[in-house]
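Just so you know, all these numbers are worked out from the coordinates, no wet-lab data involved. Fair warning: this is a prediction, and the values are worked out from it, not measured in the lab. Ideal geometry is used to build each Cβ from the backbone, glycine not excepted, and the neighbour counts take in all protein chains shown.
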Amino acid sequence: MQRILTLSTVAASAMLLSACAALGTPTGLQPGQTVAVVNSLSWENPLTGKRDGVRTSWPIKDGKIAAEYFPLAQLKRCEAAGQACAWGVMRAQRSAPVLAYADGGVDVTLTVSIEVARRQEARQGEVQTAMAIPQDVAALAGKQQVQPSWKLKYGKVEQVDLDYGVRYQVCVQRYDAAGKVIDTCAIPFI
């Protein structure tokens, strides 16, 4: 009887430890694996005509990622050949109010906002930047906010196109316990 009681206690302890370990590992991940959100905001550089932008990676911590404030950028739109082009300064940000692990990826709802005007200012911590288009140049103006919801599969890139040729791309990738990338996100480094 004592042996059965001891075996029962050992089995219950093992199940309890297993359950506790499972609580620390998000759905669909192996123990020790972590996940990061890779995203990019890009646009056509008004001086070179080539794609320009920023690509970043944010680790998911406690089921959240930090909000991102992209650097100020100049945009240009020309209606017809031979006519003067309009210029603008873009301020953009991304947040992820909803994020949850799922089998094979992450379910996410993002908010991506851009604001284009003659003059913009941005402040992050103690760093403040400003950019302006001269008064004698036609200026672009507009605001746009999108809230896409995706079931992001590890390594698969999703994209949303915004006004003025601005493009937002996002992907999630896993890292093993040693910090090596398991999934590759095909979002170019700019």
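Rounded, prolate or oblate for the range 43-133? Axes are the square roots of the Cα gyration tensor eigenvalues, ordered a ≥ b ≥ c, and the cut-off for rounded is a/c under 1.5. Prolate, since a/c reaches 1.5 and a/b exceeds b/c. What angle, in degrees between 0 and 90 and rounded to the nearest 10, separates the Cα long axis of helix 2-24 from the longest principal axis of the Cα atoms of the chain? The helix 2-24 is inclined about 0 degrees to the chain.
For the options ASP176, ASP52, ASP136, a Gaussian network treatment of the chain with springs between C-alpha atoms closer than 10 Å singles out ASP136 as fluctuating the most. The label point for ALA138 and the one for LYS151, both projected 7 Å from the Cα toward the Cβ, are 4.6 nm apart.
When you filter the GluC sites (Glu not before Pro) in the range 39-85 for DSSP loop state and at most 11 other Cβ atoms inside 10 Å of their Cβ, you are left with GLU79. Summarised in one figure, the compactness ratio Rg/Rh of the range 20-89, Cα atoms and Kirkwood Rh, is 1.27. Extension gain for ILE182-ASP161 works out to 4.8 nm (0.36 nm per residue, less the C-alpha to C-alpha distance). Taking P(r) over Cα pairs in 5 Å bins from 0, in percent as calculated from this structure, the corresponding entry among (1) 1, 9, 16, 20, 19, 13, 9, 6, 3, 2, 0, 0; (2) 1, 7, 15, 18, 21, 18, 12, 5, 1, 0, 0; (3) 1, 7, 13, 16, 14, 12, 9, 7, 6, 4, 3, 2, 2, 1, 1, 1, 0, 0, 0, 0 is (3). Using DSSP loop states and a limit of at most 14 other Cβ atoms within 10 Å to flag trypsin sites (Lys or Arg not before Pro), what is the longest stretch of the chain containing no flagged site? It works out to 51-179.
Taking the Cα centroid of the range 138-190 and of the range 51-78, what is the distance between the two, rounded to the nearest whole Å? About 9 Å separates the Cα centre of the range 138-190 from the one of the range 51-78. Straightening the chain between ASP62 and ARG119 buys 16.8 nm, computed as 0.36 nm per residue apart minus the Cα-Cα spacing.
Need one number: nm distance between label points at THR34 and LEU47, each 7 Å from Cα along Cα→Cβ, rounded to one decimal. Result: 3.7 nm between the two label points. A Cα-only calculation for the range 134-190 places Rg and Dmax at 17.0, 56 Å. Total lysine pairs in the chain at Cα distances under 19 Å, for residues eight or more apart or on different chains: 9.
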